[in-house]
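Here is the structure we will look at.
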Amino acid sequence: MPDAFPVLNPSTGEVITDVPRAGRADLDRALAAAHAALPGWAGAAPRERGEVLRRAFELMTSRHAEIAHLISLEMGKALPDARAEVTYAAEFFRWFGEEAVRVDGQLRTAPSGANRILTFRRPVGVALLVTPWNFPAAMATRKIAPALAAGCPVILKPAEDTPLTALLLADLLAAAGVPPGVVTVLATDRPAELVSAALADRRVRKVSFTGSTGVGRDLLKLAADRIVSASMELGGNDPFIVLDDADLDAAVDGALLAKMRNGGQACTAANRFLVQDAVADEFAARLAGAMAALRVGPGTDERTQLGPMVNARAVDRIASTVERSVAAGAVPRLGGTRAGGPGFYYPATVLTDVPRDAPAATTEIFGPVAPVIRVRDERDALAVANDTELGLAAYVYTGDLARGLRVAERLEVGMVGLNRGLVSDPAAPFGGVKQSGLGREGGYEGIDEYLETTYVATTW
Ligand code: NAD
């Protein structure tokens, strides 16, 4: 296919298939169809939109195994992680199918008593959704579901490494009863071209992006030209704090989940382990033991617990972060050298005595590498945790709930796992502060990103 790009299997490095590359003509068709579909979809009964989303949830659930396999094939994650993703992704259809009927307005009386203020909420319009490769299904449904619930047609541009799951979702949504033009998936390996053309088009009124902070910044600049509403879910440098009164077994279990889910390729992945002096050696030893026991292999092999990284560039980046951190004084306790052979593998790695300014402590690793940094006390842990421009998630382990809540309140992040290694939940507001993003996805808040408020002043 001349106008196509390859999708690789990260477990082998081989081509799975070629996907047609969407270009300007496809974008124009998608924009025209979305624009034409807007009045009908926005004007449909909320219950009708909700029921379409409910059917999407049911279809996704009935095709659970097939979708999990496809995610694992194109992205590389181990099947248990892929299955968990399908469940999580489908839940957004169910949650926002339920939220579709709860969009309401208000009636207020002006403080002077002279008039009334009536508010309406309405869909913002056609939304451009740009998603990353690390959760090919969930990052898409976390945007599609609230947009459709609110009444917005969408154009989804998935990541070039994982377009197949997004294309499957488009078919699934059509089968669920989404009218033509309401959901279009445009896959391309030349994202800048397509996204900048879409943002320059007056029919696009919203952009929702999940990905790296650098690309998010570029898209915000493009959105600024036409004052397009923007939601941004960006990178993290998430601290995992273990205080001296923590239950260490629970902390290691939580650390495994926060670090190794998806091979460390999650924006909510624990990036730095900040461990109080008294328990630092013991925690590092137990974490290294647990990480060493993980079985490495192709994502689609039932026995695999740690699959490959998404592509060769990812392995190079992780290896360089580790090498530069070791050169800066970090000590490798486990792993630390890349594997040979086909596929894009990097081993589970634990670094101890990591200097606070080492690359592994200051940049998003996005791989199975756990840097352990010693901290003196709660105050020191907070100072190190907040000493970053990123603020997505954080984790705190302590035996004292009041202490945990005190630390949680002082962490400059959008989400905190308190004695828990997983924060993602369709019913919770997901998002970051500082350079980790703008807006929230999921929860009651998620639909707000796709709604605008108009008010009517009146007297009676
Ligand atoms: P990325 O920024 O490279 O790509 C994300 C998306 O943007 C892809 O669809 C890509 O095709 C597109 N893109 C890339 N360059 C572009 C450009 N110049 N113009 C327009 N679009 C462009 O990120 P990635 O490598 O796919 O994902 C990893 C990053 O995503 C990490 O930083 C991670 O923390 C972040 N992430 C954040 C969240 C969150 O919710 N905060 C969730 C998952 C991933």
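The values are calculated or read from the model by the stated rules, or taken from the named source; none is laboratory data. Keep in mind it's a predicted model, so treat the numbers as computed, not measured. Here the Cβ positions follow ideal geometry from the backbone for every residue, glycine too, while neighbour counts run over all protein chains shown.
Some points to look at:
- Output for region 305-328, where each listed residue is surrounded by fewer than 17 Cβ atoms within 10 Å (Cβ to Cβ) and touching a residue at least 60 places away in the same chain (Cβ under 8 Å): Ala312
- Those strands (runs of 3 or more DSSP E) of region 345-444 in which 3 or more residues are surrounded by 17 or more Cβ atoms within 10 Å (Cβ to Cβ) and within 16 Å of the ligand (Cβ to nearest atom) occupy 393-397, 415-418.
- Qualifying residue in region 87-106 (condition: under 30 Å from Thr458 (Cα atoms), in contact with an Asp or Glu (Cβ under 9 Å, 6 or more places away or on another chain) and surrounded by 15 or more Cβ atoms within 10 Å (Cβ to Cβ)): yes
- Being within 12 Å of the ligand (Cβ to nearest atom), surrounded by fewer than 24 Cβ atoms within 10 Å (Cβ to Cβ) and not small (Gly, Ala, Ser) is a property that Thr300 lacks.
- Listed by first and then second residue, the pairs with beta-carbon distance under 7 Å, at least 6 apart or on different chains, first residue in region 195-221 and closer than 23 Å to Asp28 by Cα, second of a type outside the set (A, V, I, L, M) and in a helix (DSSP H, G or I), are Ala197/Arg24; Arg203/His35; Lys206/Tyr450; Ser208/Lys143; Ser208/Glu449; Phe209/Gly216.
- Residue in region 185-208 that is in contact with a strand residue (DSSP E or B) (Cβ under 7 Å, 6 or more places away or on another chain), among the β-branched types (Val, Ile, Thr), under 19 Å from Ile67 (Cα atoms) and buried (at least 19 other Cβ atoms within 10 Å of the Cβ) present: yes
A quick yes/no check of all residues on (1) more than 21 Å from the chain's Cα centre (by Cα); (2) polar (S, T, N, Q):
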site: Ser72; (1), (2): no, yes
site: Ala90; (1), (2): no, no
site: Val124; (1), (2): yes, no
site: Phe135; (1), (2): no, no
site: Ala150; (1), (2): no, no
site: Leu169; (1), (2): no, no
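- Boolean, Asp238 is within 16 Å of the ligand (Cβ to nearest atom), at pLDDT 95 or above and among the acidic types (Asp, Glu): yes
- Residue in region 337-344 that is away from the ligand (no atom under 16 Å from the Cβ) and closer than 30 Å to Val384 by Cα present: yes
- Any hit, region 339-361, residues being within 16 Å of the chain's Cα centre (by Cα) and within 23 Å of Arg217 (Cα to Cα): no
- Residue match in region 263-274 (condition: more than 15 Å from the ligand (Cβ to nearest atom), outside any loop (DSSP other than H, G, I, E, B) and farther than 24 Å from Pro146 by Cβ): yes
- Filtered residues of region 238-262 (kept if touching a Lys or Arg at 6+ places or on another chain (Cβ under 7 Å), within 26 Å of Asn134 (Cβ to Cβ) and either of a type in the set (Asp, Glu) or not in a strand (DSSP E or B) (or both)): Val252, Gly254, Asn262
- Test: residue in region 16-25 that is assigned to a helix (DSSP H, G or I), loosely packed, with under 15 Cβ neighbours inside 10 Å and without any contact (Cβ under 8 Å) to a residue 12 or more places away in the chain: yes
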